[in-house]
1. With (1) modelled with pLDDT of 90 or more; (2) over 13 Å from the mean Cα position of the chain (by Cα); (3) among the β-branched types (Val, Ile, Thr) as the list, and residue 244 as the residue in question, which single condition is left unmet?
2. I want to confirm something. Restricting to the stretch 92-102 and keeping residues that are open to solvent by 50 Å² or more (accessible area, probe 1.4 Å) and in contact with a helix residue (DSSP H, G or I) (Cβ under 7 Å, 6 or more places away or on another chain), which single residue is nearest to residue 234 (Cα to Cα)?
3. Do you know which residues across the stretch 170-208 are of a type in the set (D, E, K, R) and modelled with pLDDT of 95 or more?
4. Can you name the residue in the stretch 192-234 that is outside any helix (DSSP H, G or I) and open to solvent by less than 50 Å² (accessible area, probe 1.4 Å) and is also nearest to residue 148 (Cα to Cα) among such residues?
5. Look through the stretch 18-45, keep the residues that are assigned to a helix (DSSP H, G or I), open to solvent by less than 50 Å² (accessible area, probe 1.4 Å) and without any contact (Cβ under 8 Å) to a residue 12 or more places away in the chain, and return whichever of them is farthest from residue 76 (Cα to Cα).
6. Of (1) surrounded by 16 or more Cβ atoms within 10 Å (Cβ to Cβ); (2) farther than 19 Å from residue 50 by Cβ; (3) of a type in the set (Gly, Ala, Ser), residue 138 satisfies all except one. Which?
7. Which pairs have Cβ atoms under 7 Å, sit 6 or more apart or on different chains, and link a residue in the stretch 259-280 that is under 13 Å from residue 143 (Cα atoms) to one that is at pLDDT below 90 and of a type in the set (Asp, Glu)?
8. Determine, yes or no, whether residue 109 is touching a Ser or Thr at 6+ places or on another chain (Cβ under 9 Å) and either open to solvent by 20 Å² or more (accessible area, probe 1.4 Å) or over 30 Å from residue 181 (Cα atoms) (or both).
Amino acid sequence: MAQSNLAIRLLTAAIVAPLLLTTLFMGPVWGWYAIVFVASLVGASELFGMTHPGDRVAQGVGIVTTGAVSLAVYFGSRDPRILLTTVSAVVIVGALTPLWRLGQIETAALRILAGMAGPLYVGALVTTLALLRRDMNGAGPGYVLFTLMLSWLADTGGYFAGRYFGKTKLYEAVSPKKTREGFAGSILGAVTGALLAHFWYLPSLPLVDGLVLALVGGTLGQLGDLAESLLKRSTGIKDSGSIVPGHGGILDRIDALLVASPIVYLYTVWAQGAGSPPGS
């Protein structure tokens, strides 16, 4: 069974990865954002499917507000008025929707908080991948690939290290299969991604900076993975969805990326502000 699932995972990656990379490096900037935007909507559908089970109307509200957040972050990232207005509107809508869609009182707190925070968690964080592609000029695709590799190679390193060397449980109450050895493999995978970036396709990324980003982004990314596992466990869901064969749902694939991407983007913003543009 494990061998079969691994084969499906590898086959899916072999099909999806070239399509993503082709769009990233050869497609228009708007084409990459279109992929990110669709991913945010699908991720929102999975998230609100867990927090608002059976309520298609409330789920639809959550998906729409997530899309609004993504659009505001992408097109209004330089205008604080747009961002503040969008965040305020999303929080208000999220807080008031359960009054309209009452449902079970016992789950109202979860639905209120999910409605307020969910669109920001998915819509804002994943859209930083599109900002990286757009705002870093010629270096944008390289920084996006670096961010993706922090997540992909961490996932790969964690999978194989956990499978072949995993003995000590990492956080059994949240994710019974994860081990400390797998966590170490994830960090090693992220560091490998930083080394490949610096010495191969992104020489403008200083080696020390890349390694720090790998350690911080890799570690927090794995904690983001655990956070999504906790969300699924608390709502009785095994996988957030089944849109990606062998990998589960979109949220299952981008849970670590939702943390790693804003970290890399904020690094580029602060580095530019310090007068040393990473893309120079």
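The values are calculated or read from the model by the stated rules, or taken from the named source; none is laboratory data. From a predicted model like this one, the values you see are computed outputs, not experimental measurements. Glycine gets a Cβ as well: all are built from the backbone with ideal geometry, and neighbour counts include every protein chain shown. For the accessible areas, the whole protein counts, side chains as well, though only heavy atoms, and no ligand, DNA or RNA atoms are used. Shrake-Rupley method; radii C 1.70, N 1.55, O 1.52, S 1.80 Å.
1. Every listed condition holds for residue 244 apart from (1).
2. Taking the stretch 92-102 and keeping what is open to solvent by 50 Å² or more (accessible area, probe 1.4 Å), we get 92-93, 96, 99-102.
Remaining after also requiring in contact with a helix residue (DSSP H, G or I) (Cβ under 7 Å, 6 or more places away or on another chain): 93, 101.
Details: 93: 24, 101: 21 Å.
If we take residues in the stretch 92-102 being open to solvent by 50 Å² or more (accessible area, probe 1.4 Å) and in contact with a helix residue (DSSP H, G or I) (Cβ under 7 Å, 6 or more places away or on another chain), then 101 is nearest to residue 234 (Cα to Cα).
3. In the first step, residues of the stretch 170-208 are kept if they are of a type in the set (D, E, K, R); the result is 172, 177-178, 180-181.
Within the stretch 170-208, 180, 181 meet the criteria.
4. Going residue by residue through the stretch 192-234, those that are outside any helix (DSSP H, G or I) are 202-206.
Filter once more, so that each one left must be open to solvent by less than 50 Å² (accessible area, probe 1.4 Å): 202, 204-205.
Details: 202: 13, 204: 17, 205: 15 Å.
Top of the filtered list is 202.
5. 31
6. Of (1) surrounded by 16 or more Cβ atoms within 10 Å (Cβ to Cβ); (2) farther than 19 Å from residue 50 by Cβ; (3) of a type in the set (Gly, Ala, Ser), only one is false for residue 138: (1).
7. none
8. So residue 109 fails the test.
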